[in-house]
Each structure stands twice: as structure tokens, then as C-alpha cells.
1. Across region 1-21, what is the total count of residues that are under 15 Å from LEU69 (Cβ atoms) and open to solvent by 40 Å² or more (accessible area, probe 1.4 Å)?
2. For PRO63, all conditions in the list (1) touching a helix residue (DSSP H, G or I) at 6+ places or on another chain (Cβ under 7 Å); (2) closer than 14 Å to ILE4 by Cβ; (3) modelled with pLDDT under 90 hold save one; what is the number of the exception?
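The values are calculated or read from the model by the stated rules, or taken from the named source; none is laboratory data. If you're wondering where the values come from, they're calculated on a predicted model, not measured in any experiment. Positions of Cβ are backbone-derived with ideal geometry, glycine not excepted, and every protein chain shown enters the neighbour counts. We work out accessible area using only protein heavy atoms, side chains counted, and drop any ligands, DNA or RNA first. Shrake-Rupley method; radii C 1.70, N 1.55, O 1.52, S 1.80 Å.
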Amino acid sequence: MGRIAALGERARVAGLALAGAIVLVAEDPEAVRRGWRSLPDGVDLVILTPAAAEALEQDPGSPVGSRRLTTVMPP
């Protein structure tokens, strides 16, 4: 089974490190896009904050069609 990562604002993703997720803190859209591109191999699920999901949706190189499964936290 692959790894799980969380991407987004520190206040929303930090606690997921306690469950073993790779946490990538990103406080603005550009940091979200950098975080997505820096995901290590072996990550199969990415948990996104709503703001991170919005930043990726607006990116021309968005993860749509990615081999990674994504889910968005509730607002």
C-alpha cells in the first residue's frame, strides 16, 4: 500500500503527521503547486484542504488525471 500525504494550510494538516501522513504545508497557491510537484514517489492518496484544492484546480498543470487519488477536507 502507498503512502498518504496531506497538503495545505498548517493549521489544517499538521495533525495528520501524528497518523503517519507526509505533511506538506502550503499557505498560498504557489506553495500548493510546489508541494504537489514535490510529492515523493509512493504517495497514492493526497488529502487536500479546500484552499489547496482550489489552487490546484486553477493550475494549468493540475493533477487532474493523476495516478494519485485525492480527497478534499470539508470546509
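1. Residues that pass the stated criteria total 3.
2. Unmet for PRO63, out of (1) touching a helix residue (DSSP H, G or I) at 6+ places or on another chain (Cβ under 7 Å); (2) closer than 14 Å to ILE4 by Cβ; (3) modelled with pLDDT under 90: (2).
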